[in-house]
Amino acid sequence: MIKSIVLPRLTDSTDHGPIVYARGRTVSLKYDYQKSDGTTDWTEIEFNGVLAYRFDEWTCADDDSYINFRKMAECDSSPWLVKKLDKWQREVGHYQFQIDKGGRSRFKHYMIYFDDQGTFEVICSGYQITPPSA
C-alpha cells in the first residue's frame, strides 16, 4: 500500500538540491524551493534507522506516476523493501532486541521525486521533517 505524506514545499523548483548526506544510520535530505519573490528556503528531512538509500537520475528513474511534487510516498511493500528486509531478517532481525523495537514491520520505503533531478528513495524506520523558517 502506498501512503502520501504532504511536504512543506514543492519539489519541482529546486536550484541547488536535493543534497543528501549520511551520518551512521541517519540520512538527511535537504532541498531548496525558489519562492515567487526570488528568495529561496530549505526543507530538511532526516531519515533514521536507515537500511538503504539510493538516487536515480530522472532519465533512469522507475515509473514515478504515483509521486507528485508536494508529497513523499510511503510504501510498506515493494520489491526493493522486501529484498532488503529479507537480508536484514537473516542477519539481525531474529534477535530479541530487534523484535522488541518492532521487528521488520517498523521499516518503510519512502520515495521523493524532484522534477528534472530524479527520485530519492530510502528504507528506514522513521523520519522527521524540518520545514523552512517562516
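Got a number for residues in the range 77-120 being of a type in the set (Asp, Glu) and out of contact with any Ser or Thr (no Cβ under 9 Å at 6 or more places or on another chain)? Walk me through how you get there before you give the answer.
At the first step, the residues of the range 77-120 found to be of a type in the set (Asp, Glu) are 86, 91, 100, 115-116.
If we keep only those that are out of contact with any Ser or Thr (no Cβ under 9 Å at 6 or more places or on another chain) too, we end up with 86, 91, 100.
Residues that pass the stated criteria total 3.
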Seminar exercise, completed: With criteria (1) surrounded by fewer than 15 Cβ atoms within 10 Å (Cβ to Cβ); (2) without any contact (Cβ under 8 Å) to a residue 12 or more places away in the chain; (3) on the phi < 0 side of the Ramachandran plot; (4) not β-branched (Val, Ile, Thr), residue 54 comes up short on (2)
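Each row is one residue, and each column tells you yes or no for (1) out of contact with any Asp or Glu (no Cβ under 9 Å at 6 or more places or on another chain); (2) surrounded by 17 or more Cβ atoms within 10 Å (Cβ to Cβ); (3) over 18 Å from residue 132 (Cα atoms); (4) among the basic types (Lys, Arg).
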residue	(1), (2), (3), (4)
1	no, no, yes, no
17	no, yes, no, no
25	yes, no, yes, yes
59	yes, no, yes, no
83	yes, no, yes, yes
95	yes, no, yes, no
101	yes, no, yes, yes
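Could you check the range 67-123 and list, in sequence order, the residues that are charged (D, E, K, R) and either at pLDDT below 95 or within 11 Å of the chain's Cα centre (by Cα) (or both)?
Residues of the range 67-123 that are charged (D, E, K, R), as a first pass: 70-71, 74, 76, 83-84, 86-87, 90-91, 100-101, 104, 106, 108, 115-116, 121.
The answer is 70, 71, 74, 76, 108, 115, 116, 121.
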Exercise. Tell me, which residue of the range 27-47 that is exposed (fewer than 14 other Cβ atoms within 10 Å of the Cβ) and not charged (D, E, K, R) is nearest to residue 131 (Cα to Cα)?
Worked result: 39
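So is residue 25 within 13 Å of residue 119 (Cβ to Cβ), within 16 Å of the chain's Cα centre (by Cα) and at pLDDT 85 or above or not?
no
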Problem set entry | Pair list, Cβ under 6 Å, 6 or more apart: the range 14-33 residue over 15 Å from residue 46 (Cβ atoms), other residue surrounded by 11 or more Cβ atoms within 10 Å (Cβ to Cβ) and charged (D, E, K, R) | 14/32; 15/32; 16/32; 33/9; 33/41
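The values are calculated or read from the model by the stated rules, or taken from the named source; none is laboratory data. Just so it is clear, the model here is predicted, and its values are computed rather than measured. Every residue, glycine among them, receives a Cβ derived from its backbone with ideal geometry; neighbour counts consider all protein chains shown.
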